[in-house]
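The values are calculated or read from the model by the stated rules, or taken from the named source; none is laboratory data. If you're wondering where the values come from, they're calculated on a predicted model, not measured in any experiment. Counting neighbours? That spans all protein chains shown, and the Cβs are built from the backbone with ideal geometry, glycine included.
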């Protein structure tokens, strides 16, 4: 027979454990968004206000923590890529696609950079990043069914131009503001997709 108060104590421990786990996830995300692309367990525990042993009670290692973070944010960035106005001429849809991808890349850029910084270390992140890249490619074809008629090399050009890597280079390394980067990506894609226009 359960002792009085035992259920409440178990429920209280469970709630504290869930709060602690969520605090760890939030701390990791917060650090990454602030530019700490490879947070250490110590940094995460300090930000979360928990002991480092608590981090590893909830996550067996840093790989499982990174994998959890990726799963938590995947729905957010999939929704960003999936949005936008997909009507109109090829030129209009192309610009809308570039603008929507710019919105998504700006939002999830630090998470992509964090993942890329860890690809050499964690197989689960390599798998998740490859899946994300396939989803972005498929989403672009939803915007622009005309891509299916391109030859293989032109199709690969489109993916390279529309990639996060190109966006990040334009924004971070070449110093373009968001609108200038959108205009440049749109112009490059038009040269591939509409060379005669």
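Table: residues versus (1) crowded, with 17+ Cβ neighbours inside 10 Å; (2) modelled with pLDDT under 90; (3) outside the structural domain of residue 108 (by TED's automatic domain parsing); (4) assigned to a helix (DSSP H, G or I).
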{"position": "10", "(1), (2), (3), (4)": "no, yes, yes, yes"}
{"position": "15", "(1), (2), (3), (4)": "no, yes, yes, yes"}
{"position": "21", "(1), (2), (3), (4)": "yes, no, yes, yes"}
{"position": "36", "(1), (2), (3), (4)": "no, no, yes, no"}
{"position": "42", "(1), (2), (3), (4)": "no, no, yes, yes"}
{"position": "45", "(1), (2), (3), (4)": "yes, no, yes, yes"}
{"position": "55", "(1), (2), (3), (4)": "yes, no, yes, yes"}
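The rows are residues; the columns are (1) over 30 Å from residue 186 (Cα atoms); (2) touching a residue at least 60 places away in the same chain (Cβ under 8 Å).
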site: 40; (1), (2): yes, no
site: 45; (1), (2): yes, no
site: 50; (1), (2): yes, no
site: 53; (1), (2): yes, no
site: 73; (1), (2): no, no
site: 79; (1), (2): no, no
site: 93; (1), (2): no, no
site: 111; (1), (2): no, yes
site: 120; (1), (2): yes, no
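Against the test of being out of contact with any strand residue (DSSP E or B) (no Cβ under 7 Å at 6 or more places or on another chain), surrounded by fewer than 18 Cβ atoms within 10 Å (Cβ to Cβ), free of Cβ contacts under 8 Å to residues at least 60 places away in the same chain and not in a loop (DSSP other than H, G, I, E, B), the options 106, 172 yield a single qualifying residue, 172. Here residue 121 does not fit the description of being assigned to a helix (DSSP H, G or I) and more than 13 Å from the chain's Cα centre (by Cα). Report whether or not residue 85 is over 22 Å from residue 37 (Cα atoms), at pLDDT below 95 and in a helix (DSSP H, G or I). Spelling it out, it is not the case that residue 85 is over 22 Å from residue 37 (Cα atoms), at pLDDT below 95 and in a helix (DSSP H, G or I). Report whether or not residue 63 is at pLDDT below 90 and farther than 19 Å from residue 108 by Cα. Here the answer is yes, as residue 63 does meet what is asked.
No other residue among 186, 142, 159 is buried (at least 16 other Cβ atoms within 10 Å of the Cβ) and farther than 28 Å from residue 36 by Cβ apart from 186.
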